[in-house]
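The next block holds one structure in the form of structure tokens; read it before the comments.
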Amino acid sequence: MEQTEGGTVMNSKIKSRRPLREKHFWEEWTGRIYTSICVVLLIVVMFSIVYFVASKGLSTFFKDGVSLSEFLFGKTWSPSSEPAAYGALPFITGSFTTTLLAALIASPLSLCAALFMTEIVPGKGKKILQPAIELLSGIPSVVYGFIGLSVIVPLLRSIFGGAGIGIAAGCLVLSVMILPTVTSIMADALSALPKGLRESSYALGATRWQTIYRVIIPTVLPALLTGIVLGMARAFGEALAVQMVIGNAPHVPTSLLESASTLTSVITLSMGNTTMGSVHNNALWSMALVLLVMTFVFVILVRLLERRNRV
Amino acid sequence: MAIPFGTEQLSIYYGHFQAVKQISLAFPEASVTALIGPSGCGKSTFLRSLNRMNDEISGSRTEGHIWMDGKDLNEPGTDVIKLRQKIGMVWQKPNPFHKSIYNNIAFGPRYRGIKGKKALDEIVEKSLRRAALWDEVKDRLNESALSLSGGQQQRLCIARALSVDPQILLLDEPASALDPVSTGKVEELISELKKDLRIVIVTHNMQQAARISDYTAYFYLGSMIEHGDTEHIFTNPDNRLTQEYIMGRFG
Amino acid sequence: MKMKAKTVDKVATSIIVVLALFIVVLLLGLLGFILFRGVGQINWHFLTSAPQLLKGGGGIGPQLFNSIFLLILTLIITIPLGWGGGIYMAEYAKPGKITSFIRLVVEVLSSFPSIVIGLFGLLLIVNTFGLGFSLISGAMALAIFNLPLMVRTTEQAFRAVPKEQKEAGLALGLSKWKIITSILLPVALPSLITGTILASGRIFGEAAALMFTAGMSSPPLDFTDWNPTSPRSPLNPFRPAETLAVHIWKVNSEGIGPDSKEVAAGASAVLVILVLAFNLSARWIGRVVYRRMTASK
């Protein structure tokens with residue numbers, strides 16, 4: 001047996017009765033503990049966020065005595081009047097309306113982009129659109145807000161009159177922002193389809209559009225919907241870009257072109273001006289809680305869709 | 001029954017499926033033992049159990065004994081990392097580290113605590129010579145290992161396994177991904193290496209088994225049907241199943 | 001009947017193509033608009049001097065510095081934690097209930113709106129921990145924001161390493177951690193770097209999480225004072241630090257001053273250019289690093 005500098009190491013017993021002295025034993029423990037701490041931290045952070053936001057948000061109802069139904073369904077938001085009113089319906093409707101409309105606008109566009117990349121001009125189409133989508137997703141949300149304010153609002157003003165701000169401006173900005181998210185998920189879903197599906201449809205004499213419409217889309221529908229839901233989640237949580245173009249008037253909007261508000265926009269605007277612990281402040285935290293709850297709703301929706309996707 | 005190196009009633013389960021059935025096989029000193037048999041018959045599984053590599057597969061269970069130097073490697077509480085330091089392994093597809101040629105070989109010894117450029121240089125040269133690769137790479141030790149050809153990479157992997165001076169070398173179809181010239185080189189070096197090592201090789205190539213091994217074991221559906229001198233197995237096997245396999249594969 | 005199907009096919013195809021290409025046009029239009037409006041503003045003075053929101057004629061110097069410094073601080077926190085978490089998911093986690101739970105946590109955390117993370121930061125880091133509006137608070141909030149993506153990227157990068165590499169390491173008698181750090185990490189590094197740079201682009205442009213943590217103001221900075229403990233030093237991590245993105249928002253919403261529009265345009269252009277630089281260089285840098293690491297190591 002070769003005697004080297006590490007000779008004793010090489011010839012030592014296999015079964016070590018002193019594992020504590022071995023380098024690899026310590027290394028293993030370092031690795032496990034370090035990586036486990038990182039994961040534990042993630043879990044702790046998530047639960048902390050939920051706990052803190054919920055405890056602040058719920059104190060509006062339990063400590064300050066605001067009724068839940070007034071909060072969720074009350075149309076009047078005037079925290080500084082006597083008596084104060086904490087109806088958050090304007091913001092809730094604002095958020096939902098902008099989100100749904102943005103999804104309505106973005107989904108067909110995304111679908112066309114995804115179909116373009118995978119069905120119409122596969123290969124080259126991807127080369128053109130993929131970078132475009134990636135660049136679009138890279139633009140920060142404040143810049144989208146700035147563009148909204150500089151381009152979309154004046155445009156709406158010149159076409160429709162009025163101030164140009166409002167839900168219309170908000171959902172236009174949001175739809176461009178969620179375009180990349182929705183498109184990439186849809187494109188991934190379409191690429192993952194086995195080629196055989198398309199080929200058997202063509203073999204039966206169907207045109208490409210018929211194949212798309214009757215075979216492909218129904219098959220990947222859950223995945224397409226997942227993309228839309230994730231896009232909506234993004235839109236629902238978007239704060240600054242929306243706040244810049246929506247007007248921020250705290251009433252339930254009656255038209256698309258009058259000043260409105262969303263949950264995120266009012267938080268952005270008012271959080272800095274209220275004192276921590278006041279009812280006004282707590283009510284804003286309750287809105288943050290609504291945002292949090294909706295996040296969970298979206299995640300659950302996505303999970304349900306994923307289960308249906310295991311075809 | 002303590003044998004220098006071998007298995008005793010070794011069985012390996014993946015969940016409920018028994019992939020290897022009670023195999024007792026000794027590997028004599030300074031020899032090459034070939035494991036032959038149809039695909040999926042447990043040869044590779046058996047080979048991997050010798051250095052406890054099956055531990056990495058969740059759901060696998062190994063029963064029986066693996067003897068080495070009087071100790072049972074399969075006993076609970078065995079320091080698996082330590083035992084792997086005495087056993088080298090080479091796979092079908094060459095898998096050099098994404099490092100320089102020098103560092104591929106020096107990595108193992110460095111981990112064992114060997115410092116000092118001179119000592120490491122010596123080990124690198126010795127290992128590469130034993131793997132019949134030294135002359136081809138001695139001027140480019142700092143180049144990436146991935147710049148070598150397939151056959152060279154495989155010899156590099158052999159040199160890497162040799163760098164920590166193992167007592168046993170396990171080869172899982174080491175030449176099946178290589179061209180005939182490289183295969184020949186690998187076979188040649190196996191015949192050289194066996195003088196200092198016990199070698200266990202899994203192979204699908206019957207001619208190769210006949211050429212380079214001293215002992216052969218025939219596996220079928222997880223059981224070892226027959227084992228013995230290579231010459232005996234190939235010319236006059238005792239078991240009918242062995243005979244059928246050999247006849248079927250040998251023109 | 002076949003005629004009709006063919007016509008429908010043609011019409012549908014045209015619509016798809018038009019709408020798809022519209023997106024490209026949209027992107028070009030947006031980028032063009034930002035650059036056209038803003039690039040004219042960019043000069044050395046603009047990039048280095050402090051804002052003069054009331055008088056006009058100021059720049060974005062401190063905000064730009066804050067964005068960069070904050071990015072560095074955030075990366076210092078997220079790289080160890082994110083890579084560590086990703087390594088756990090790729091190498092240590094066994095399929096089962098706990099691992100599924102962790103995945104769910106990561107998914108949920110990545111879905112939280114950034115403003116909620118900012119609010120959490122306000123509550124816990126700024127108030128309860130007492131760190132106030134500061135770079136540290138902002139870095140911690142951004143770290144929370146960034147962590148899920150880092151974990152996911154890292155996990156993918158490590159899973160992409162061929163498992164033969166790990167097997168070779170195991171057979172050589174290496175500990176798992178040694179294999180991870182010395183064998184798997186170098187192979188995964190290009191992906192990790194690409195992922196980190198792409199994440200940096202996201203961090204750089206983020207504003208909602210910073211409004212209530214890093215703050216919306218920046219104290220007068222003395223750029224000759226590099227002592228991190230002194231209050232006027234730009235390196236002091238406990239000072240409020242309005243970043244470029246937050247500044248754009250503030251200028252747009254509080255719009256006072258004669259040239260606020262130009263400042264907003266210029267700042268937006270700078271921000272977009274930098275973020276695009278991050279995104280475009282990410283893959284290229286990853287590749288370069290890989291080549292240098294495998295050649296001489």
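Any read-out appearing in this document is the output of simple, stated calculations on the displayed coordinates, not a laboratory observation. Bear in mind the structure is a predicted one, so any value in this text is a computation, not a measurement. Here Cβ is always computed from backbone atoms with ideal geometry, including for glycine, and neighbour counts include all displayed protein chains.
Summary table
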| read-out | value |
| --- | --- |
| Neighbour-count ranking [beta-carbon atoms within 10 angstrom, fewest first] of C:Val275, A:Val50 | A:Val50, C:Val275 |
| For C:267-274, mean number of other protein chain Cβ atoms within 10 Å | 3 |
| Efficiency of FRET from Cβ geometry, C:Arg287 and A:Glu82, R₀ 51 Å, rounded to 0.05 | 0.20 |
| 0 to 90° range, to nearest 10: angle between helix A:217-237 axis and chain A longest Cα axis | 70 |
| Cα gyration tensor category, rounded, prolate or oblate, for the range C:234-297 with a/c compared to 1.5 | oblate |
| Gyration tensor verdict on chain C (Cα atoms; rounded if a/c is under 1.5, prolate if a/b is larger than b/c, oblate otherwise) | oblate |
| Residue-span extension gain [A:Arg214 to A:Arg307] - 0.36 nm each, minus C-alpha spacing | 31.3 nm |
| Sorted by Cβ neighbour density within 10 Å, fewest at the top, the residues A:Val182, B:Val181, A:Val66 | B:Val181, A:Val66, A:Val182 |
| Nonlocal amide H pairs with A:Ala260, under 5 Å, H built at 1.01 Å | A:Gly166, A:Ile167, A:Gly247, A:Asn248, A:Ala249 |
| Tilt relative to chain B, helix B:180-193 - C-alpha long axis, 0 to 90 degrees, to 10 | 90 |
| Contour excess over end-to-end distance, with Cα ends at A:Ile300 and A:Ser255 and 0.36 nm allotted per residue | 13.0 nm |
| Shape call, chain A: gyration tensor on alpha carbons, a/c limit 1.5 | oblate |
| Selection of chymotrypsin sites (Phe, Trp or Tyr not before Pro), the range B:138-233, meeting DSSP coil and at most 12 other Cβ within 10 Å | none |
| Within the protein assembly as shown, helix-based [θ] at 222 nm, where runs of 4 or more DSSP H residues each add -39,500 (n - 2.57), nearest 500 | -19000 deg cm²/dmol |
| Exposure proxy order (Cβ contacts within 10 Å, fewest to most) of B:Phe107, A:Phe298 | A:Phe298, B:Phe107 |
| Cα long-axis angle, helix B:150-162 against chain B (0 to 90 degrees, to the nearest 10) | 90 |
| Kyte-Doolittle at least 0.0, axis length at least 20 Å by Cα - qualifying DSSP helices, chain C | C:2-38, C:61-87, C:97-111, C:135-159, C:185-205, C:260-296 |
| Unit charges on C-beta of K, R, D, E only; dipole of the protein assembly as shown, Debye | 660 |
| Length released on extending from C:Phe22 to C:Trp226, taking residue separation times 0.36 nm less the Cα-Cα span | 68.5 nm |
| Relative contact order [Cα under 8 Å, 6+ residues apart], the range C:42-296, whole percent | 26 |
